[in-house]
Amino acid sequence: MNAPTSHTDDFQQLTLALSKGRIFEETLPLLEAAGIRVSEDPEKSRKLIIGTNDPNIRVIIVRASDVPTYVQYGAADFGVAGKDVLQEHGGAGLYQPIDLQIAQCRMSVAVSEGFDYARAVRQGARLRVATKYTEIARNHFASKGVHIDLIKLYGSMELAPLVGLSDAIVDLVSTGNTLRANHLIEVEHIMDISSRLVVNQAALKLKRLRLQPILDAFASVAGA
Ligand code: AMP
């Protein structure tokens, strides 16, 4: 029979929330700096809970936009999430100590090649804007005094202006290749995006001894 888990053991256990793809790949060197090596590749194993070389640290694989939610409710003690995701979530219950400077890109407004965006804005036209990032888009256009109708999409935003669903999109741009391939032009840069470490506020207090060396290792690599 297993011995019941003591309260002290709970304070030892750490759960890190990551999303697959770029964030997972670019977090691996940071984990390595903290002496943590994951035991499996989530792309291959399909497992959602992955062990590490430290029996007290595990990684959970969640959708990028769900990372702040898992950390907010304490289902994960800490996680890595893009500034875009954090802005949409609002950041409640999260401590954001470090800009990890990974998964860098920018949030931009883009339109079809033939659309005169500057003129439409000058004339005070009401714009239809398709995006997954409704909070960021709403704040951006409100600060410019531009009236918009927001159309919420969950992916492939680039398609919307091509088929007449919207006048403009708000989306992440990295190389600009996706925009070019679809004859779209970036007309406004809203903000630079990178991924940040987020920590559950209660975990930061209760598990500080366990967390602090990891945060320090992450910070030393991020600043380098
Ligand atoms: P690119 O063609 O390199 O400009 O990449 C643009 C496409 O990749 C768009 O569909 C974006 O939504 C997506 N993308 C770019 N950077 C990121 C990122 N850091 N996180 C998530 N999606 C991204």
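For region 161-177, the set of residues classified as more than 10 Å from the ligand (Cβ to nearest atom) and either of a type outside the set (A, V, I, L, M, F, W, C) or over 16 Å from ALA118 (Cα atoms) (or both) consists of PRO161, LEU162, VAL163, GLY164, LEU165, SER166, ASP167, listed by residue number. In this entry, ALA92 passes the filter for residues that are more than 16 Å from the ligand (Cβ to nearest atom), open to solvent by 50 Å² or more (accessible area, probe 1.4 Å) and within 18 Å of the chain's Cα centre (by Cα).
For region 167-176, the criterion of being among the aliphatic types (A, V, I, L, M) and more than 23 Å from the chain's Cα centre (by Cα) is met by none of the residues.
Given the residues LEU215, LEU150, which is the only one that is in contact (Cβ under 8 Å) with a residue 40 or more places away in the chain, more than 16 Å from the ligand (Cβ to nearest atom) and either assigned to a strand (DSSP E or B) or assigned by TED's automatic domain parsing to the domain that holds PRO97 (or both)? Show your work before the answer.
On the way: LEU150 fails: in contact (Cβ under 8 Å) with a residue 40 or more places away in the chain.
LEU215 is the lone residue from the list that is in contact (Cβ under 8 Å) with a residue 40 or more places away in the chain, more than 16 Å from the ligand (Cβ to nearest atom) and either assigned to a strand (DSSP E or B) or assigned by TED's automatic domain parsing to the domain that holds PRO97 (or both).
Here ASP99 clears all of (1) in the same structural domain as GLU43 (by TED's automatic domain parsing); (2) not in a strand (DSSP E or B) except the condition numbered (2). Among the residues of region 163-177, is there at least one that is free of Cβ contacts under 8 Å to residues at least 24 places away in the same chain, of a type in the set (A, V, I, L, M) and open to solvent by 60 Å² or more (accessible area, probe 1.4 Å)? Scanning region 163-177 turns up at least one residue that is free of Cβ contacts under 8 Å to residues at least 24 places away in the same chain, of a type in the set (A, V, I, L, M) and open to solvent by 60 Å² or more (accessible area, probe 1.4 Å). The conditions of being touching a residue at least 24 places away in the same chain (Cβ under 8 Å) and within 13 Å of the ligand (Cβ to nearest atom) are met by GLU158.
Would you mind stating whether ILE193 is near the ligand (Cβ under 10 Å from one of its atoms), open to solvent by less than 50 Å² (accessible area, probe 1.4 Å), part of a strand (DSSP E or B) and of a type in the set (A, V, I, L, M, F, W, C)? Criteria met by ILE193.
Go over the candidates VAL198, VAL187 one by one and state the one that is aliphatic (A, V, I, L, M) and under 21 Å from the mean Cα position of the chain (by Cα). Steps first, please.
Values: VAL187 fails: under 21 Å from the mean Cα position of the chain (by Cα).
Every option except VAL198 fails the conditions.
Quick one: in region 178-190, which of the residues that are part of a helix (DSSP H, G or I) and either more than 12 Å from the ligand (Cβ to nearest atom) or of a type outside the set (S, T, N, Q) (or both) is surrounded by the most Cβ atoms within 10 Å (Cβ to Cβ)? Ranking the candidates gives LEU179 first. Please determine, by comparing only the residues of region 23-73 that are part of a helix (DSSP H, G or I), within 16 Å of the ligand (Cβ to nearest atom) and of a type in the set (Val, Ile, Thr), which one is most open to solvent (accessible area, probe 1.4 Å). Out of the qualifying residues, it is ILE23. Pairs linking a residue in region 26-46 that is among the aliphatic types (A, V, I, L, M) to a residue that is open to solvent by less than 40 Å² (accessible area, probe 1.4 Å) and in a helix (DSSP H, G or I), with Cβ atoms under 6 Å and 6 or more positions apart or on different chains, are LEU30/PHE218; ALA33/ALA217; ALA34/ILE214; ALA34/ALA217.
The values are calculated or read from the model by the stated rules, or taken from the named source; none is laboratory data. Just so it is clear, the model here is predicted, and its values are computed rather than measured. Backbone-built Cβ (ideal geometry, glycine too); neighbour counts: all protein chains shown. Calculation scope for accessible area: heavy atoms of the full protein, side chains included, ligands and nucleic acids excluded. Shrake-Rupley method; radii C 1.70, N 1.55, O 1.52, S 1.80 Å.
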